[in-house]
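One structure is given here, and the rest of the page talks about it.
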Amino acid sequence: MSMTCASALVVDDLAPSRDWLARSVARAFPGIAVRLAADIATARAQLEPRPDLALIDLGLPDGSGVGLIEVLAARGTLCVVATVFDDDAHLFPALRAGAEGYVLKDQAQESLGDLLRGIADGQPPLSPSIARRLLREFQPAPRATDDVALSPRETDVLRLIAKGLSVPEVATMLGLTRNTTAGYVKDVYRKLSVSSRAEATLEAARRRLVAPP
């Protein structure tokens, strides 16, 4: 459930913001190679070699960053939106395009670094207010995945990862080895047809395993 971030692409049209994001990435992943772009065209010219991580602003001079997210996510890059917009009109199109994180720029550099470091432990990089907004969007109407039965142990694992615990923390809580816990997480993802911690959290909330704040 962990990943290695050796290279990153930061896309933001404002130089101070772009530099701030680049420093946050470097702080989170010492030694990482960071490429910078001020618009979509410049970013597209820097897609090879494929970056492991991309921090993308949504309001760019030559279009929306959503299209760039689609391209990078399809290639396996972990895309995180870094923006000032916290409304549904920006949040959900970005997530549907393949963004696995959504962070706001109104936080300290250290806080952003902590969020980005959480990627290595499989935690969804979401600003707290964005996580709350996502949980509030859940409706009680059943979905197809609600019919998928999970074992009691799988349900425990899903509940804990939805609360933001890392795989090692879940293993400790349940008295399991890390490998066994990672196996349970893999089985849960397969049964629920999800591919990220953020999607698993959505399913846990729909199953009312975690309560919206």
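Is it fair to say Leu78 is in the same structural domain as Ala33 (by TED's automatic domain parsing), hydrophobic (A, V, I, L, M, F, W, C) and closer than 19 Å to Gly113 by Cα?
yes
Are there strands (runs of 3 or more DSSP E) fully within the range 27-130 with at least 3 residues that are more than 17 Å from the chain's Cα centre (by Cα)? List them.
33-37
For the range 164-180, how many residues meet the condition of being part of a helix (DSSP H, G or I) and within 23 Å of the chain's Cα centre (by Cα)?
7
Among the residues that make up the range 97-104, is at least one of them farther than 20 Å from Asp13 by Cβ and modelled with pLDDT of 90 or more?
Yes, the conditions are met somewhere in the range 97-104.
Among what's in the range 34-49 and is out of contact with any Asp or Glu (no Cβ under 9 Å at 6 or more places or on another chain), surrounded by 15 or more Cβ atoms within 10 Å (Cβ to Cβ) and among the hydrophobic types (A, V, I, L, M, F, W, C), pick the residue that is modelled with the lowest pLDDT.
Within the range 34-49, the match that is modelled with the lowest pLDDT is Leu47.
Out of the residues in the range 193-207 meeting the condition of being of a type in the set (S, T, N, Q) and surrounded by fewer than 20 Cβ atoms within 10 Å (Cβ to Cβ), tell me which one is farthest from Pro125 (Cα to Cα).
It comes out as Ser193.
The values are calculated or read from the model by the stated rules, or taken from the named source; none is laboratory data. Since the structure is predicted, the reported quantities are computational estimates derived from the model, not experimental observations. Cβ: placed from backbone, ideal geometry, glycine included. Neighbour counts: every protein chain shown.
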